[in-house]
1. Have a look at Pro220, Pro232, Pro266, Pro208 and point out the one that is touching a Lys or Arg at 6+ places or on another chain (Cβ under 6 Å) and either touching a residue at least 12 places away in the same chain (Cβ under 8 Å) or not hydrophobic (A, V, I, L, M, F, W, C) (or both).
2. Within the stretch 135-169, how many residues are open to solvent by less than 30 Å² (accessible area, probe 1.4 Å), among the small types (Gly, Ala, Ser) and not in a helix (DSSP H, G or I)?
3. For the stretch 79-122, give me each residue that is aliphatic (A, V, I, L, M), in a loop (DSSP other than H, G, I, E, B) and out of contact with any strand residue (DSSP E or B) (no Cβ under 7 Å at 6 or more places or on another chain).
4. Determine if the stretch 318-327 includes at least one residue that is modelled with pLDDT of 95 or more, open to solvent by less than 50 Å² (accessible area, probe 1.4 Å) and of a type in the set (D, E, K, R).
5. Helices (runs of 4 or more DSSP H) wholly in the stretch 207-297 with at least 3 residues that are of a type in the set (Gly, Ala, Ser) - which ones?
6. Name the one entry in Val272, Val249, Val302 that is farther than 25 Å from Leu128 by Cβ, in contact (Cβ under 8 Å) with a residue 40 or more places away in the chain and open to solvent by 10 Å² or more (accessible area, probe 1.4 Å).
7. State whether one or more residues within the stretch 200-218 are open to solvent by less than 50 Å² (accessible area, probe 1.4 Å) and closer than 29 Å to Glu34 by Cα.
8. Take the conditions modelled with pLDDT under 95 and either within 20 Å of Phe336 (Cβ to Cβ) or among the acidic types (Asp, Glu) (or both) and apply them to Asp264. Does it pass?
Amino acid sequence: MNTTDKTNGAVPRKIVLVTPTFHDYATSIAQAFERAGHEVVTVRYDAYVTVTDKARLKATVELPSKLRLPGDHAGRERRRVTDSVLTDLTASRPDGVVVIKGDMLDDRFWSHLDAHRVPRILWLYDDLHRHPYSPEFLAQLGPVVSYSESEAAMLREQHGVDATWVPDAFDPHRAQPTGRRVDRIAFVGAAHADRVRILQDLTDRGLPVHAWGRDFSHHPVDRLRTWGWKRPLIPASRDIPLTEAYLVVGESSASVNIHGPQTDHPMRTFEVPGMAGVSLEDRASVARFYDVGSEVEVWTDVDHLAELCERSRKDRVWSEGLREKGRARTLAEHTFDHRITEVDALWR
C-alpha cells in the first residue's frame, strides 16, 4: 500500500480536531494525523449520539425553526455547543487546533484561540456559501484549507486570505476491495433535483439503479428526519456507514458521480476508484486527478451515461481495467495521508 507514513517532516504536535461527525470522515482525518506523528484529540461538536440528544435537537431547534416560532433557536444551540467545545479545548491544552467546517461555533471559540495564541487551521470541508464565514473574517483567521480549487484561488486573490487548495481523499485503512461484483448502478448521497432526474431516467431505462441516503429512503424514520414524505421512484436504502458505502461503490457494476452545485470534486471522486470501483464522472475536470478512459470515465449526457452503465455491466475486461488502474492511482496520490502532509505544512 503506497501511502505516506510517519516521515513527512512535520513537528509532532498535540492537535485538537474540532469537527462535525460528517459520515465519520473525522476518524480518517484524525488517524492520518496520528500516522504523521501527532497526538490527536477529536471533538465532534455535532455528535447527537443518544435518542435523547436527537429528540432535544428536533424539539428545541429544528421543529421551532420549521414552524418559524419566535426566538433564536439556532443561536441557543450554538452557544451550548461552543460551551462544550471550549470545555474540551481547555482540558486538552493543545499545540494546535484543526477546525473542520466549524459552522456551529460562535465567536467565543475564535476569541479563545486568539487569547491563548493557539495555532489553528480552518478546513472548509464544503463550499464557502455553506459556511458562516465572510471573506473578511477568513482574512484575519490564519491558514484556511478548501476542497475547492476555484474558491481557494478567489479567497487568495480577491480577499487576501491565506487559503490553500487541498482536494478531498480516500482512506485505504478503512476497507479493502472484496473482489465481489454486484449487478447494480450505485449512487450514495443526497437527493438533489438533478441527481433525482438523472437517476430516475436511468431507472426508467431498466438499469438496476440503487440509491443510498435519507433523502432517497422510503423508511418512515427518514421521512420524518427530512421533514418530507414524498420520495423519488428509485430503488433506495437508508443511510449507511462510510465503510459500508466504500464497499457498495467498490462492488457495484458502476457508481455514478453527479456533482450538482458543488464547486469541486467531493470525497466520492476518490472513494470509488480507491475501492477498485468503476467511476462514472460528470465533470471533465476529474482529469486533474485521474486518466480519463483508463482510470475513470466521464459522461456528457444521460444517453452517454446509460451507455457507460451498460458497458460496465457487460464488458468485464474494460471494467476490470478501470478498477485496477483507478485504485493504483488513488493509493499513489489521493489518500488522506497525502492530504495531511499538505495540511501539516500550513502551521503558522
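The values are calculated or read from the model by the stated rules, or taken from the named source; none is laboratory data. What you see is a predicted model, and the numbers here were worked out from it, not measured in a lab. All Cβ positions, even for glycine, are placed from backbone atoms using ideal geometry, and neighbour counts span all protein chains on display. Side chains included, ligands, DNA and RNA excluded: accessible areas come from the protein's heavy atoms. Shrake-Rupley method; radii C 1.70, N 1.55, O 1.52, S 1.80 Å.
1. It is Pro208.
2. The total comes to 5.
3. Scanning the stretch 79-122 gives Met104, Leu105.
4. Within the stretch 318-327, one or more residues are modelled with pLDDT of 95 or more, open to solvent by less than 50 Å² (accessible area, probe 1.4 Å) and of a type in the set (D, E, K, R).
5. none
6. Only one candidate qualifies: Val302.
7. no
8. Here the answer is no, as Asp264 does not meet what is asked.
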